[in-house]
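Working notes for the structure below.
The values are calculated or read from the model by the stated rules, or taken from the named source; none is laboratory data. None of these values were measured; they are calculated from a predicted model. Every residue, glycine as well, gets a Cβ built from its backbone with ideal geometry; the counts of neighbours run over all protein chains shown. Only protein heavy atoms, including side chains, enter the accessible area calculation; ligands, DNA and RNA are left aside. Shrake-Rupley method; radii C 1.70, N 1.55, O 1.52, S 1.80 Å.
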Amino acid sequence: MASYYNENTVLYLNGAFVKASEAKMDLYSQSLHYGYSVFEGIRSYKTVKGETRIFKPVEHFERLKVSAESLNLPYTWSAQELIDATYEVLKRNQLQDAYIRPVVYAPANMSFNLNTESLIFIEVWEMGAFLGDKLLRVMSSSFERPNPKGFKIHAKAAGHYVNSILASQEAKGKGYDEALLMDMNGNVAEGPGANFFYEKDGKLFTPSLGNILPGITRATVLELCDELNIPVKEKAFTKDEIYGADAAFFCGTAAEVIGFQSLDDQPFKLSWNDSVSKLVQDAYKNLIVENKRELVNEIIGVE
Ligand code: PMP
């Protein structure tokens with residue numbers, strides 16, 4: 001198991017900075033018993049200028065608020081106060097390249113009733129830029145993503161991740177790197193912790209919003225495609241459209257942009273380095289360490 005903290009690690013807990021080894025959570029919390037909490041996955045990177053920069057912090061903390069409110073968890077924090085707290089936690093742990101995990105959770109409550117308050121912590125641990133040079137062997141999962149009529153699927157709710165864990169464990173148990181899940185209509189949805197794109201004839205395609213988590217990396221990829229003049233379409237499609245496509249990738253805060261080697265053992269037509277998807281990967285890499293303009297210009301041939 002990875003080591004997320006040691007005796008010196010500090011986290012943010014309900015307004016205070018406390019040692020991770022001394023922080024306490026109520027074992028009677030409704031969140032622990034019923035998977036009823038919301039969270040975020042954010043990253044900070046050391047920029048080319050040597051500064052620590054949290055990537056898209058406002059977007060992440062706004063999604064945390066939307067997630068909490070969608071689940072009727074009271075939410076009382078401003079994005080700015082949580083961003084400030086996160087920078088402080090990073091500083092206290094002397095981390096620049098890090099993964100940041102805020103969790104909003106419920107107090108002791110064994111019933112299904114509403115709470116009058118929520119609680120929050122923010123943990124950080126080291127995570128270097130991943131750069132996605134490995135390609136993934138992916139299998140289409142026997143698990144479907146949760147039905148949006150049964151869950152608030154646009155919320156990053158802890159309970160949804162039981163589905164992610166089952167799908168990922170199934171794929172790994174069968175010797176694959178990761179799973180690709182369909183939605184309840186049999187259309188492609190997303191990975192256990194990342195959104196999906198595929199490439200055909202120089203165009204990218206990704207599932208429309210509705211049955212997936214609205215990923216911040218997905219939104220960034222759409223913006224980058226716009227800047228790079230790469231045509232991209234959001235639509236519903238089945239996995240049959242992916243077999244025989246030119247390339248495919250997952251994107252997410254942790255995964256960044258990572259290409260597929262194969263889906264269900266069927267390889268893609270282009271080698272990753274010849275794909276348009278690789279340009280998106282390069283542009284994303286560059287964006288997270290903040291010298292975006294130069295790389296985008298290089299790709300589109302502008303001085
Ligand atoms: N889908 C799921 C199910 C996820 O857990 C994640 C990771 N948060 C994503 C997509 C990608 O979202 P983001 O780009 O905001 O990290």
Quick count over the stretch 241-291, residues being within 22 Å of P192 (Cβ to Cβ) and assigned to a loop (DSSP other than H, G, I, E, B), is 9
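Inside the stretch 221-258, can you point out the residues that are of a type in the set (G, A, S) and more than 16 Å from the ligand (Cβ to nearest atom)? Full working, then the answer.
Narrowing the stretch 221-258 to residues of a type in the set (G, A, S): 236, 244-245, 247-248, 252, 254-255.
A236, G244, A245, A247 - these are the residues of the stretch 221-258 that are of a type in the set (G, A, S) and more than 16 Å from the ligand (Cβ to nearest atom).
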How many residues does the stretch 180-220 hold that are of a type outside the set (V, I, T), within 17 Å of the chain's Cα centre (by Cα) and either farther than 15 Å from D264 by Cα or within 11 Å of the ligand (Cβ to nearest atom) (or both)?
-> 20
Mind checking which pairs have a first residue in the stretch 135-146 that is of a type in the set (G, A, S) and a second that is not in a strand (DSSP E or B), Cβ under 7 Å, 6 or more apart or different chains?
-> S140/K239; S140/D264; S141/A167; S141/E170; S141/A171; S142/E170
May I ask you to list the residues in the stretch 57-82 that are open to solvent by 10 Å² or more (accessible area, probe 1.4 Å) and within 16 Å of V124 (Cβ to Cβ)?
-> P57
Counted residues in the stretch 8-32 being out of contact with any helix residue (DSSP H, G or I) (no Cβ under 8 Å at 6 or more places or on another chain) and either not charged (D, E, K, R) or not assigned by TED's automatic domain parsing to the domain that holds Y105 (or both) come to 15
For the stretch 156-192, name all the residues that are part of a loop (DSSP other than H, G, I, E, B) and surrounded by fewer than 21 Cβ atoms within 10 Å (Cβ to Cβ).
-> K174, G175, D177, D183, M184, N185, G186, N187
Restricting attention to the stretch 124-149, which residues are open to solvent by 60 Å² or more (accessible area, probe 1.4 Å) and under 29 Å from S3 (Cα atoms)?
-> E126, F130, L131, D133, K134, R137
Working carefully through the options Y5, Y36, Y12, find the one that is open to solvent by 80 Å² or more (accessible area, probe 1.4 Å) and in contact (Cβ under 8 Å) with a residue 40 or more places away in the chain.
-> Y5
Checking A108 against (1) touching a helix residue (DSSP H, G or I) at 6+ places or on another chain (Cβ under 9 Å); (2) farther than 16 Å from A157 by Cβ; (3) open to solvent by less than 40 Å² (accessible area, probe 1.4 Å), which test does it fail?
-> (3)
Mind listing whichever residues of the stretch 2-36 are hydrophobic (A, V, I, L, M, F, W, C) and in a loop (DSSP other than H, G, I, E, B)?
-> A2, A20, A23, M25, L27
Among the residues of the stretch 199-211, is there at least one that is assigned by TED's automatic domain parsing to the domain that holds V280, without any contact (Cβ under 8 Å) to a residue 40 or more places away in the chain and touching a helix residue (DSSP H, G or I) at 6+ places or on another chain (Cβ under 6 Å)?
-> no
